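Engineer: Sending over a structure as structure tokens; questions will come in a sec.
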Amino acid sequence: MAQVDFQHREIAIKLVYYGPAMSGKTTNLQQIHARMDPRRRGKLLTLDTKEDRTLYFDLLPLAFKSVSGITCKVKLFTVPGQVIHNTTRKVVLQGCDGVAFIADSQIAETKNNNESFANLRQNLKENRLDVEGIPIVIQFNKRDLAKVRSDDEIKRIAQKGKEPIFPAVAFKGEGVVDTFLGLAAATWESLETRMGLGSKHGIPRAELLGALSKQLGTDVSTIKLEGIR
Ligand SMILES: Nc1nc2c(ncn2[C@@H]2O[C@H](COP(=O)(O)OP(=O)(O)O)[C@@H](O)[C@H]2O)c(=O)[nH]1
Ligand SMILES: [Mg+2]
């Protein structure tokens, strides 16, 4: 649940980018960071090893002040994808309000995607988070590569499941903002239902999405928030 600090009139939303190693989680955060105004953006804290793999996590903070005077902080985290770092993944997932699952579109990565998704569900459960209720959006990244799952297949997956699906070529920035704003929209719905984020805490949906898209230099009205169907 989003953390409310009444004394400082602040509310913090935690979003986690989850998925197998090398699927493009860090790249998504780097692209978001690159779109933000250099004079105002927070630091992208990234802790990569020499092999360009996230060892701990990456953290990117965003913030805006709502009309109601409440400061809304949105904290983006990634997890390390390698199987051995499960303890870290579990800790990063604590208290999260929404998840972007970054899948690798390559056919050869299907098993890794599935194992990571099962691991996500397991860790949500172990953190006593609501596995069925927590908003999850799925990004199929690396659409530029050969030997990837077809558009039709991804469409079928989208129709079968309840999670919104976003295709992406993260290192070119394609689909990154759509995924992020899609996640923000899904998370707002969930937090409105669970704690009245708009109705009780003064963060209406339009303000959250408007402020975030403005910080990324886009217009939310041109973005397809519900993914492909
Ligand atoms: N071909 C291709 N490579 C990508 C794409 N997105 C990210 N990568 C590359 O995949 C590798 C792993 O990305 P990274 O973001 O570190 O993955 P993470 O382990 O999930 O954080 C890097 O070399 C990226 O440049 C993409 O859309 N297409
Ligand atoms: Mg990483």
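The values are calculated or read from the model by the stated rules, or taken from the named source; none is laboratory data. The structure displayed is predicted, hence computed values, not measured ones. Note that we place each Cβ from the backbone using ideal geometry, even for glycine, and neighbour counts take in every protein chain shown.
Engineer: Pull out all pairs, ordered by first then second residue, where Cβ-Cβ is under 7 Å, the residues are six or more apart or on different chains, the first lies in region 128-153 and is at positive phi, and the second is outside any strand (DSSP E or B) and within 16 Å of ligand 2 (Cβ to nearest atom).
Structural biologist: Cβ pairs passing all conditions: K142/G24.
Engineer: Related question: Could you list all residues from region 138-197 that are of a type in the set (G, A, S) and surrounded by 13 or more Cβ atoms within 10 Å (Cβ to Cβ)?
Structural biologist: Passing the criteria: A158, A168, A170, G173, G175, G182, A184, A185, A186, S190.
Engineer: Same structure again: Could we say that F140 is of a type in the set (A, V, I, L, M, F, W, C), part of a helix (DSSP H, G or I), more than 16 Å from ligand 2 (Cβ to nearest atom) and out of contact with any Asp or Glu (no Cβ under 6 Å at 6 or more places or on another chain) here?
Structural biologist: Criteria not met by F140.
Engineer: Which pairs turn up if I take residues in region 19-46 that are assigned to a loop (DSSP other than H, G, I, E, B) and look for partners that are within 12 Å of ligand 1 (Cβ to nearest atom) and acidic (D, E) with beta carbon separation below 6 Å, at least 6 apart in sequence or on another chain?
Structural biologist: S23/D104
Engineer: Kindly indicate whether any position in region 45-60 is polar (S, T, N, Q), at pLDDT 90 or above, within 12 Å of ligand 2 (Cβ to nearest atom) and under 30 Å from E109 (Cα atoms).
Structural biologist: No, there is no match, as no residue in region 45-60 is polar (S, T, N, Q), at pLDDT 90 or above, within 12 Å of ligand 2 (Cβ to nearest atom) and under 30 Å from E109 (Cα atoms).
Engineer: Out of (1) in a loop (DSSP other than H, G, I, E, B); (2) over 14 Å from the mean Cα position of the chain (by Cα), what's the single condition that is false for I134?
Structural biologist: Failed condition: (2).
Residue by residue, here is whether (1) within 16 Å of ligand 1 (Cβ to nearest atom); (2) within 20 Å of K14 (Cβ to Cβ); (3) at pLDDT 95 or above; (4) of a type in the set (F, W, Y) holds:
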| residue | (1), (2), (3), (4) |
| --- | --- |
| P135 | no, yes, yes, no |
| N141 | yes, no, yes, no |
| D152 | no, no, yes, no |
| T179 | yes, yes, yes, no |
| I203 | no, yes, yes, no |
| L212 | no, yes, yes, no |
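Engineer: Within the bounds of region 181-189, is there any residue that is more than 16 Å from ligand 1 (Cβ to nearest atom), at pLDDT 95 or above and over 17 Å from the mean Cα position of the chain (by Cα)?
Structural biologist: no
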